[in-house]
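Q: Handing you this structure, nothing more for now.
The values are calculated or read from the model by the stated rules, or taken from the named source; none is laboratory data. Owing to the predicted nature of the structure, the values given are computational and were not obtained by experimental measurement. With ideal geometry, Cβ positions are generated from the backbone for all residues, glycine too; neighbour counts draw on all protein chains shown. The accessibility values were calculated without ligands, DNA or RNA, using every heavy atom of the protein model including side chains. Shrake-Rupley method; radii C 1.70, N 1.55, O 1.52, S 1.80 Å.
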Amino acid sequence: TPKKRRVSSLGSGFVIDPSGIVITNNHVVENAEEIIVNFSNGEKFKAELLGRDPKTDLAVLKVITNKKLPFVKFGDNTKARVGDWVIAIGNPFGLGGSLSVGVISAINRDINSGPYDSYIQTDAAINKGNSGGPLFNLDGAVIGVNTAIISPTGGSVGIGFSIPADMAQIVITQLREYGETRRGWLGVRIQAGTDDLAESLGLDKARGALVSEVSEDGPANKGGIRVGDVIVRFNGTQVPEMRDLPRIVADTEINKKVKVEIIRRGKSKTLTIVTGRLEEPLVQKTEAEQEEPENTSDNPMVQGLTLADIDEALRERFQIDPKVKGAVLLKVASDSHAAEKGLRSGDVISEVEQSETENAEEVVAAINDAADEGMKKVLLLVTSRAGIRYVVIDLTP
């Protein structure tokens, strides 16, 4: 049998406590059998993994030594501004102790790497091997943990990203204390607001996080949050965009009573929610696309949508959850506005203009009523294989 080949990898890190607590990236130490920490003076120590968090790509190590080690302190990244000078130190391409200087290019940057993206972007040179190293301000305080680059060449093109210090410290504290993260949980599925949705939901502008699904046993349901609510403030913190809410909730203590401001049908309301603990969801397999029924000529149609009542055969064909009620789409005209908005066969419409619809006849009637009243758009609640979401479609004459 072939021998198992050992592979070595290099990354960067920094000490935050004289007892030898080292911060680095999760991807630097993930699946490591042995971790060696090399210092700039040539000393080497073995280290043990105290905990790691793939979602923020952070890991906490403990150097095995009785020596008191020099360390650096975290600073306040919230005071950092675009254009401020920053310094990145790390181990690019194995060249230990390399320093690069640049400015902050952007803050709160989302690069779609995880649910809590809020990176500091910098043009200070960050290359392979810099991962896990510190990003300093000019006061010598760490305001970020270098973690990613965008590069078509593999080398630095001046687009690097650092995990902000405030987010990192919350995760680090939990990893040191528990060996794992303990994030707050609300129990909702949310979607981003658009101008069309804002108008349909009675908002002055697109803001907050629109609730498209509420878990039956979750904190949100127990606290009175309902589908169609728009969460605009959580625990005293504004929610400017949908993507801000998961991070705000995750950073909230477990089992804490918090005030949640929502907009419901155009009116503001404040609820009290007791946060739960986020458990890792099971990975779901992607469902294969289902074939459309051959003959749909006898089914009701409206706005390019061919609908049917949900029976057991259709529920099995499209793998519709037993709890889902409404009308299933058998066909969506390719030239319709509904198709442009992503509606597909197998989707289920369960609400029209925030009123429940239990069958195809009710959906058709509700959409036609909206058109007869002179409405130019109609708000639908749609359940698909990807989840539940609100969709606004144009009403064509």
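Q: Just checking, does segment 110-123 include any residue being in a strand (DSSP E or B), touching a residue at least 60 places away in the same chain (Cβ under 8 Å) and of a type in the set (Val, Ile, Thr)? Step through it out loud before you land on a result.
A: Going residue by residue through segment 110-123, those that are in a strand (DSSP E or B) are 119-122.
Subsequent filtering for residues that are touching a residue at least 60 places away in the same chain (Cβ under 8 Å) retains none.
The answer is no; no qualifying residue exists.
Q: Quick one: which of 15, 101, 60 is under 19 Å from residue 143 (Cβ atoms), without any contact (Cβ under 8 Å) to a residue 24 or more places away in the chain and either out of contact with any Pro (no Cβ under 7 Å at 6 or more places or on another chain) or not in a helix (DSSP H, G or I) (or both)?
A: 101
Q: Filter segment 351-365 for residues that are of a type in the set (Gly, Ala, Ser) and surrounded by fewer than 20 Cβ atoms within 10 Å (Cβ to Cβ); which is nearest to residue 384 (Cα to Cα)?
A: For segment 351-365, the residue satisfying everything is 355.
Q: Scan the helices (runs of 4 or more DSSP H) fully inside segment 161-235 and keep the ones with 2 or more residues being in contact with a Gly (Cβ under 8 Å, 6 or more places away or on another chain) and within 28 Å of residue 79 (Cα to Cα).
A: On the way: elements: 165-178, 195-201, 219-223.
Here the list reads 165-178.
Q: Consider segment 307-336. How many of its residues are in contact with a strand residue (DSSP E or B) (Cβ under 7 Å, 6 or more places away or on another chain) and either open to solvent by 70 Å² or more (accessible area, probe 1.4 Å) or within 11 Å of residue 346 (Cα to Cα) (or both)?
A: Looking only at that region, the number is 14.
Q: For segment 230-263, name all the residues that are under 25 Å from residue 351 (Cβ atoms) and touching a helix residue (DSSP H, G or I) at 6+ places or on another chain (Cβ under 9 Å).
A: The answer is 230, 231, 234, 239, 260, 263.
Q: Which of the residues spanning segment 368-386 are more than 26 Å from the chain's Cα centre (by Cα), among the aliphatic types (A, V, I, L, M) and not in a loop (DSSP other than H, G, I, E, B)?
A: Correct list: 370, 371, 378.
Q: Now a separate question. Looking at 212, 156, 200 in this structure, which one is more than 17 Å from the chain's Cα centre (by Cα), open to solvent by less than 40 Å² (accessible area, probe 1.4 Å) and more than 30 Å from residue 62 (Cβ to Cβ)?
A: Sole residue among the options that is more than 17 Å from the chain's Cα centre (by Cα), open to solvent by less than 40 Å² (accessible area, probe 1.4 Å) and more than 30 Å from residue 62 (Cβ to Cβ): 200.
Q: Check segment 76-96 and report whether any residue there is closer than 18 Å to residue 167 by Cα, without any contact (Cβ under 8 Å) to a residue 12 or more places away in the chain and not in a strand (DSSP E or B).
A: Yes; the residues of segment 76-96 include at least one that is closer than 18 Å to residue 167 by Cα, without any contact (Cβ under 8 Å) to a residue 12 or more places away in the chain and not in a strand (DSSP E or B).
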